[in-house]
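Down below is the structure, laid out as structure tokens.
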Amino acid sequence: MIRAEQWAPADGLSLEPNALAAAKEIDRNLALTAGPGAGKTEMLAQRADFLLRTGACRYPKRILAISFKVDASQNLKARVRKRCGPDLAARFDSHTFHAFAKRIIDRFRPVLTGQDALDSDYSIGKHRVQRRSITFDDMVPLAVQIVESSQIARNAIRQTYSHVFLDEFQDCTDAQYDLIKACFQGTGVRLTAVGDTKQRIMGWAGALEGIFEAYAEDFDAHPLNLYQNFRSEPRLRRMQNAMVRVMDAPAALDDTALPGDEGEIEVLRFDNDDHEAETLADSVRTWIDDDGANPSEIAVLVSKQQNLYCQKLRAALDARGVPFRDEDATQNLASEPVANLIVDFLLVATGQRQPGPFRRLLDLVVFGRGLDLENEYRARSRWNRFIATVKQRLGSEEADLADLDDLREVVSELLDIVGRDAVVGLASEYTQGDYLQQQIDATIDRAHTLLSEGSDPATALASFSGDRAVRIMSIHKSKGLEFDTVVVLGVETQTFWGDQDAERSAFFVGVSRAKHRLFLTVCEEREQPEGARYWKTARSEHDEFLGYATPYL
């Protein structure tokens, strides 16, 4: 433990003045708004280090962090562990809203009575079944009901945590905000809400208008702003700054404060979407082969109807042997620790060189168990024998991963050798009901689909893991992510339709994912895909959005 005045940002990093002030605040709740790439995650990690290392979060109190996506939650947990070390980071709980709600339900389930009563082995499924099953959308409201009706539940939560971090707070829905208020309003627990109103694109999900103003009033929170973008090259930052002048003029910088010619912005115009798909697929192949680009650092973003807009591009990439991952179909599953375990194992078992998956598996199966040297040697030998046996069976065609029964058998053997306790320990959600088995079954089904398509197993599985795969996703799914190269597909009035303030915010999110290169595509015609409704074949450029890029091409 050190005194507060002796603390400095961990690992010798420097923070801008407002970020440093936020990291060291101990007396007030905070409402922190920040632009893309401003280092929100790093600020939260440094704040956790300050609170834990100075004793502002006094043992045995804990810090609770709530994010909106599983991968964001995991990334923050990993960053805190890196900054604080494993001992202090053990008192940092990082969950999604739904994971936090599920923990409340699991611990205080007997509070629910009548039609809301649940059996101890309840599950989460597509339909509500009295006592047996609830839906994903039921989780937060049921947690609110428990906290509001049970003083024991309220006290337990409030006595556990001294500080709470709320990430991407601009997307908080009514029910989620009700849960925060039920748990912490009117208490001494200190809250830090972080987000960017210019990135609020979840209005369709019930996100509050003016959430930061409401939060500041309800929790008497002190406002702070972070504006510096540490992600993008200067040319891209100047384009983003041009949009900020329209969305939040006082927050805009003078372009002279963003010097440098680094970064690339280009508008690509095509006669039709066939030409667009073929050209982009050729470009991606060139970036990978000639420029040495990591496929996972290339993202294709679409405003709406991503599945329809990208049909031709997916086919063109597949024809050129470019691995890609459809994020909207796999992102949540690919963020599951047990899914990563299974896919890493399959990659190692079928591929020649898989250093990333190989290292992660050894960390889990051998090095992460706290064994002494002798037992560590035995564990690694046992693991190496298992891998060699599986490879031999696959090589001799004794087992075929494209066969669903063989795939299930091999995965079952993997889980046996890892150990059920170790697998359950990967995530707190795996301790209740059949959630773990649901994720295992879903991973096997997805892997079987990929492996049955006839392509090289390593290439097929890469499209699941994302380690070496181009990412295709909606702009909504890209929030919080960053890539060296970003393609925003279809910057057209027929794509970015609807309320223009919301569409402008979505476009801002998309372009601000790019670190080095940004490409904006436009087609004169897009063929109506099968199953598409209300489709317009003739297309027109979105003059306003392309206008932000024009001065910086």
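Bear in mind these aren't lab numbers, they're just calculated from the coordinates by the rules spelled out. The shown structure was predicted, so the numbers you read here are calculated from the model rather than taken from an experiment. Heads up, the Cβs are rebuilt from the backbone with ideal geometry, glycines too, and the neighbour counts pull from every protein chain shown.
With the simple model of a label 7 Å out from the Cα in the direction of the Cβ, ILE2 to GLN115 spans 5.7 nm. Using just its DSSP H runs of length 4 or more, each adding -39500 (n - 2.57), the chain gives a mean residue ellipticity at 222 nm of -14500 deg cm²/dmol after division by all residues. The slack between GLU544 and ALA21, meaning 0.36 nm per residue of separation minus the straight C-alpha distance, is 184.6 nm. Building the convex hull from the alpha-carbon atoms of segment 82-215 and averaging its projection over directions returns 9.8 nm². Between amide H atoms placed 1.01 Å from N, distances below 5 Å from LEU268 occur with LEU520, THR521, VAL522, all of them 5 or more places distant or on a separate chain.
Packing order of peptides 82-88, 188-194, highest average first: 188-194, 82-88 (average count of other Cβ atoms within 10 Å over each peptide's residues). Annotation: segment 208-317 has a Kirkwood hydrodynamic radius of 17.8 angstrom, from the mean reciprocal C-alpha pair distance.
Given their separation in residues at 0.36 nm each and the Cα-Cα distance between them, GLU524 and ASP405 gain 38.0 nm when the chain is fully extended. Once backbone amide H atoms are built at 1.01 Å from N, VAL300 has ARG471, ILE472, MET473, VAL487 as its partners under 5 Å, excluding neighbours fewer than 5 places away on the same chain.
Helices assigned as whole DSSP H runs in the chain whose Cα atoms extend at least 18 Å along their own long axis and whose mean Kyte-Doolittle hydropathy is 1.0 or higher are found at 337-350. The base-10 log of I(q)/I(0) for the chain, evaluated at q = 0.13 Å⁻¹, reads -1.52 [Debye formula, identical scatterers on Cα atoms, solvent excluded]. Computed over the Cα atoms of segment 433-538, pair by distinct pair, the Kirkwood hydrodynamic radius stands at 16.9 angstrom. Here the peptides 378-385, 431-438 are ranked by packing, the mean other Cβ count within 10 Å, and the order with the highest first is 431-438, 378-385.
How would you classify segment 405-448 from its alpha-carbon gyration tensor, with a ≥ b ≥ c the square roots of the eigenvalues: rounded for a/c under 1.5, else prolate if a/b is greater than b/c, otherwise oblate? In terms of gyration-tensor shape, oblate.
Sequence-distant contacts, meaning Cα pairs under 8 Å at least 6 residues apart, place the relative contact order of the chain at 18 percent. Note: segment 149-189, Cα convex hull, 72 Å³ per residue. For LYS181, a cut-off of 30 angstrom between C-alpha atoms picks up these lysines, skipping any fewer than 8 places away in its own chain: LYS24, LYS40, LYS61, LYS69, LYS77, LYS102, LYS126, LYS198, LYS477, LYS479.
Taken about its Cα centre, the chain carries a charge dipole of roughly 2220 debye when the Cβ of each Lys and Arg holds +1 and the Cβ of each Asp and Glu holds -1. Close amide-amide hydrogen proximity is noted between SER133 and SER123, each under 5 Å apart and 5 or more residues distant or on a separate chain (H modeled in the peptide plane; Pro and chain starts excluded). Using the average count of surrounding beta-carbon atoms within 10 Å as a protection proxy, the listed peptides 525-531, 511-517 rank, highest first, as 511-517, 525-531. The modelled label-to-label distance between ASP421 and ASN294, using points 7 Å beyond Cα along the C-beta direction, is 3.5 nm.
Got a sec? Which residues in segment 83-124 would a label at PHE136 touch, if it sits 7 Å along Cα→Cβ and we count backbone N under 15 Å? Residues 96-102, 124 qualify, since their backbone N sits under 15 Å from the label point.
Once the Kirkwood radius over Cα pairs is known for segment 6-53, the Stokes-Einstein relation at 37 °C and 0.692 mPa s delivers a diffusion coefficient of 297 µm²/s.
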